[in-house]
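The values are calculated or read from the model by the stated rules, or taken from the named source; none is laboratory data. Nothing here was measured: the structure is a model prediction, and the numbers come from that model. Every residue, glycine as well, gets a Cβ built from its backbone with ideal geometry; the counts of neighbours run over all protein chains shown.
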Amino acid sequence: MSFKVDVAEPTTLRLELRASSRPANHTPDVMLAAKTFNLKAGANQVISATLDAKVTDARYVFVTLMANPAVSVRTSEQRITGIVSVTNTFNPAVAKSSVQQPTEDIGVDTFEFWTPQRRPKGQNLAMSIEPPLDVFAATNITGGVARPTSQPNAWIADPSDANPSISLKWDKPHLISKVELTFDADYDHPAESVLMGHPETVMPFVVRHYKVRDCCGRLVGEVKENHQTRNTLTFDPPIRTERLTFELEHPSAQTPASVFEVRCYGEPAADPKA
């Protein structure tokens with residue numbers, strides 16, 4: 001993995017690859033590997049690390065750059081479903097430090113607070129990874145999980161594809177009466193009360209415009225100005241098709257289209273020759 005940094009004076013920067021002690025948790029309390037960089041002063045420096053760590057099950061890992069006031073790390077305006085940056089900090093209204101340290105007699109764990117910053121802050125690190133992460137496949141939409149858990153569980157379109165689409169195909173025609181789609185309403189970065197004020201009127205990851213076509217390319221559904229997590233499309237009468245294609249618009253230039261789940265309800269269609 002590689003990063004770009006601006007360095008004000010000669011110093012060192014420590015990188016730690018961390019994970020949670022439980023696969024489905026999201027607190028980086030286990031260190032898998034680490035590397036220290038000796039840096040000279042200068043802007044736009046590229047630093048790279050090959051870390052000898054093995055991850056044996058589906059889980060989130062944390063690329064942790066330890067705080068150093070002499071080093072600034074480049075960030076990206078791109079927002080990706082299932083990926084979020086977190087900072088070791090705390091809210092003075094609910095905690096006294098960046099580590100939860102309860103008394104021993106109340107049965108509560110001790111752990112560090114790693115939380116996302118409120119947008120428009122909290123940008124992802126500008127980084128490259130070789131080989132690329134392969135966790136955003138189309139098969140995720142039929143995986144049965146409609147939110148990030150120990151992995152993103154979402155299909156994400158290629159950001160460079162101006163007209164992304166995804167298709168479901170069956171071996172024979174079916175009569176489809178209902179389709180349900182689940183979009184990303186910021187599951188990995190929940191919004192606080194509206195009293196806090198927010199920089200957006202619509203969650204940035206939600207697909208707001210999409211079309212549905214059958215196996216013949218006919219338009220059978222279209223939704224504009226969507227802002228909801230779950231969309232239900234009802235077909236009356238049911239449509240007879242062996243494939244459904246969903247054509248989606250990217251929510252923005254910085255956020256590629258994503259879908260957590262597609263569910264189709266119906267029954268096999270009768271053979272018209274019978």
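Observations on the structure shown:
- Candidates N153, N163: the one that is closer than 14 Å to E249 by Cβ, assigned to a loop (DSSP other than H, G, I, E, B), out of contact with any Pro (no Cβ under 7 Å at 6 or more places or on another chain) and not hydrophobic (A, V, I, L, M, F, W, C) is N163.
Condition check ((1) assigned to a loop (DSSP other than H, G, I, E, B); (2) within 30 Å of V206 (Cβ to Cβ); (3) outside the structural domain of S252 (by TED's automatic domain parsing)) across all residues:
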| site | (1), (2), (3) |
| --- | --- |
| E9 | yes, no, yes |
| E16 | no, no, yes |
| P28 | yes, yes, yes |
| K35 | no, no, yes |
| V46 | no, no, yes |
| K54 | yes, no, yes |
| V84 | yes, yes, yes |
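- Residues in the stretch 192-210 include none that are in a loop (DSSP other than H, G, I, E, B), in contact with a Leu (Cβ under 7 Å, 6 or more places away or on another chain), of a type outside the set (G, A, S) and over 30 Å from V86 (Cβ atoms).
- Per-region count, the stretch 130-144, residues surrounded by fewer than 16 Cβ atoms within 10 Å (Cβ to Cβ) and within 16 Å of the chain's Cα centre (by Cα): 8
- Number of residues in the stretch 1-49 that are under 14 Å from M127 (Cβ atoms), within 24 Å of the chain's Cα centre (by Cα) and of a type in the set (S, T, N, Q) equals 2.
- Against the criterion of being loosely packed, with under 12 Cβ neighbours inside 10 Å, hydroxyl-bearing (S, T, Y), in contact with a strand residue (DSSP E or B) (Cβ under 7 Å, 6 or more places away or on another chain) and over 26 Å from P256 (Cα atoms), S72 does not qualify.
- In the stretch 3-38, the residues that are under 23 Å from P148 (Cβ atoms), among the charged types (D, E, K, R) and touching a residue at least 60 places away in the same chain (Cβ under 8 Å): D29
- Filter result for F235 (more than 23 Å from G82 (Cβ to Cβ), in contact with a strand residue (DSSP E or B) (Cβ under 9 Å, 6 or more places away or on another chain), part of a strand (DSSP E or B) and of a type in the set (F, W, Y)): yes
- The residues in the stretch 115-125 that are at negative phi, outside any strand (DSSP E or B) and surrounded by 15 or more Cβ atoms within 10 Å (Cβ to Cβ) can be counted, and the count is 3.
- Put simply, of H174, H198 the only residue that is touching a strand residue (DSSP E or B) at 6+ places or on another chain (Cβ under 9 Å) and farther than 23 Å from V135 by Cβ is H174.
- Within the stretch 52-69, the set of residues being surrounded by 15 or more Cβ atoms within 10 Å (Cβ to Cβ), touching an Asp or Glu at 6+ places or on another chain (Cβ under 9 Å) and not polar (S, T, N, Q) comprises F62, V63, L65.
- Some residue of the stretch 166-182 being at positive phi and surrounded by 14 or more Cβ atoms within 10 Å (Cβ to Cβ): no
- Candidates V207, V194 - the one that is of a type in the set (A, V, I, L, M, F, W, C), crowded, with 16+ Cβ neighbours inside 10 Å and closer than 22 Å to Q123 by Cα: V207
- In the stretch 215-239, the residue that is modelled with the lowest pLDDT out of those that are closer than 18 Å to S258 by Cβ and of a type in the set (V, I, T) is T229.
The rows are residues; the columns are (1) in the same structural domain as S258 (by TED's automatic domain parsing); (2) over 15 Å from the mean Cα position of the chain (by Cα); (3) under 20 Å from S76 (Cα atoms); (4) without any contact (Cβ under 8 Å) to a residue 24 or more places away in the chain.
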site: A146; (1), (2), (3), (4): yes, no, no, no
site: W155; (1), (2), (3), (4): yes, no, no, no
site: P173; (1), (2), (3), (4): yes, yes, no, no
site: D186; (1), (2), (3), (4): yes, no, yes, yes
site: P199; (1), (2), (3), (4): yes, yes, yes, no
site: M203; (1), (2), (3), (4): yes, no, yes, no
site: L219; (1), (2), (3), (4): yes, yes, no, yes
